[in-house]
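A short worksheet on the structure shown next.
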Amino acid sequence: MMQDENRSKEQLLEDSERRLNEAQHIAKIGSWDMNAQTGEGYWSDEMFHLFGHNPSEKRASYGLFREHIHPDDINKFEESITDYTARVKKVDEVFRYLTTKGEIRYAHSIGNVEFNEKGNPQRVFGTFQDVTERKQAEEKLIESERKHRAILEGLDDVAYRLTIPDGKYEYISQSAKSVFGYDRDDFIKNPLLFQKIIHPESIHYFREKWVDLKKGIVPRTFEYRIIDSEGSERWICQSISAITDEQGAICAIEGLCRDITDQKKTEKQIKASLEEKETLLHEIHHRVKNNMQIIASLLDMQLTRKNKQTIDTIVNECKGRVYAMAGIHESLHRSESLSEVDFMAYVIHLTGMLSQTYGMNPEKVRFDIKVPGLKLGIDKANPLGLVLNELISNSLKYAFPGDQAGVISIETKKHNENNIILTIADDGIGMPDVHKWKKTNTLGLRLVRDLVEKQINGSIDCESQNGTKYIINFNLESAYTL
């Protein structure tokens, strides 16, 4: 019976050792126990298997252990042995080892030591676990984080990670200097710095977003202004992603901060440009409508004249007037400003066009133009263009009969700050009865009087000494009337 009981205990011990070996195999962990003086001792089966040995073919020893340590980690291994035998610390190290197949693997070894009565080490023991997969995973994670960090550091935007609710930066990229004007260390050392640089007009909005974050309301992006280290105002667009803990509460936020100052300036310019173009479209519509009304009125006046002209004459005169108005818009299109006409350029264009229309020889009749630097708004330029068209046409048609040569002069002078005197003169045969010119029924001169007096609120006089001269006085700021 005693024998049966001993066999039962032996069986239990064998079962226990078998289960322990199975557990060590699954966990890839071996155990070792050696004499500190001789270096000989015990290794579990898994200890042999990890190195690639058959337990029945090798004897456990310190020398065999050392043979499998990677050459580059030998010093670290021996220093750890020295430390724990000298009672400095326990062995708790990760180092590389070599299998019989030449594989390089990682092991985590934990060891302890027993001392005899004299204080000398007599027994060393511990565990030896293969952690290659874990180490490789850690290295991949470290490499991934390194690459991720390198990408973040290469961005113009500021990448950040901020804890909630204490508002401390776990990470902020080096772009903080270019975006905020402060080094990233400034924000890490002083978490309140960011709130201090928020623009006074944005601080209330910014604080509302911070309160929302603490409540779990996460805005994807929001925009606000800051005052940088040099006192300049900048616009920032911040994107946010929430990091939650196991309970689902927000414990951190991360995202990007982008300097959108130039974008805001561009948006403002585009908005102003669109508003200007919208105003211009309304103005163009107004001008086109007025020009159509002027053309219709000219045709009505032409048709109601008592002395009937040929169709060719009527058409040519009307065509000249339309060209005069079209020339204003062409000059407007070519000018830097869409609201002012370079009057000098326009007069040169108009005189050239009229010379061709009436087939004038430039060597016979020449023009003397002196209108330097005069810029006119469309409301003044359009009626004055028609006035010039009529008066220059009259000079070309009537002032120089036969082969008579002469000069037609167009000149402007400032009477005071806002008043302009425009003179159109020729040195031709002159007007027979200059005192009655305002009572004439000719369409051209009636049109001239109406345009000057009603369209530009000016005055016009005529002289006939050594030719014909018209003097027009008008104010640059006077209102345009229909």
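The values are calculated or read from the model by the stated rules, or taken from the named source; none is laboratory data. Everything quoted here is computed from the prediction, not taken from an experiment. Note that we place each Cβ from the backbone using ideal geometry, even for glycine, and neighbour counts take in every protein chain shown.
Residue count for the range 186-207, restricted to those that are exposed (fewer than 13 other Cβ atoms within 10 Å of the Cβ) and either touching a strand residue (DSSP E or B) at 6+ places or on another chain (Cβ under 8 Å) or of a type in the set (D, E, K, R) (or both): 4.
Just to confirm my filter: which strands (runs of 3 or more DSSP E) fall fully inside the range 64-164 and include at least 1 residues that are closer than 30 Å to LEU213 by Cβ and either in contact with a helix residue (DSSP H, G or I) (Cβ under 8 Å, 6 or more places away or on another chain) or of a type in the set (S, T, N, Q) (or both)? It would help to see each step written out before you state the result.
Values: elements: 91-98, 104-115, 121-130, 158-163.
By residue number, 158-163.
Comparison of ALA36, ALA60 shows that the only residue that is at negative phi, touching a Phe, Trp or Tyr at 6+ places or on another chain (Cβ under 6 Å), surrounded by 12 or more Cβ atoms within 10 Å (Cβ to Cβ) and modelled with pLDDT of 75 or more is ALA60. Based on this model, can you work out whether GLU170 counts as in contact (Cβ under 8 Å) with a residue 40 or more places away in the chain and outside any loop (DSSP other than H, G, I, E, B)? It is true that GLU170 is in contact (Cβ under 8 Å) with a residue 40 or more places away in the chain and outside any loop (DSSP other than H, G, I, E, B).
Conditions tested, residue by residue: (1) in contact with a helix residue (DSSP H, G or I) (Cβ under 6 Å, 6 or more places away or on another chain); (2) closer than 15 Å to ASP426 by Cβ; (3) modelled with pLDDT under 60.
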site	(1), (2), (3)
GLU317	no, no, no
GLY327	yes, no, yes
ARG334	no, no, yes
GLY359	no, no, no
GLU363	no, no, no
GLY385	yes, no, no
SER395	no, yes, no
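In a helix (DSSP H, G or I) and in contact (Cβ under 8 Å) with a residue 60 or more places away in the chain: which single residue out of LEU354, LEU384, LEU350 fits that description? Even if it seems obvious, please write down each step before you answer.
On the way: LEU354 fails: in contact (Cβ under 8 Å) with a residue 60 or more places away in the chain; LEU350 fails: in contact (Cβ under 8 Å) with a residue 60 or more places away in the chain.
The conditions single out LEU384.
Kindly establish whether LYS439 is farther than 27 Å from GLY377 by Cα, in the same structural domain as VAL365 (by TED's automatic domain parsing) and surrounded by fewer than 12 Cβ atoms within 10 Å (Cβ to Cβ).
So LYS439 passes the test.
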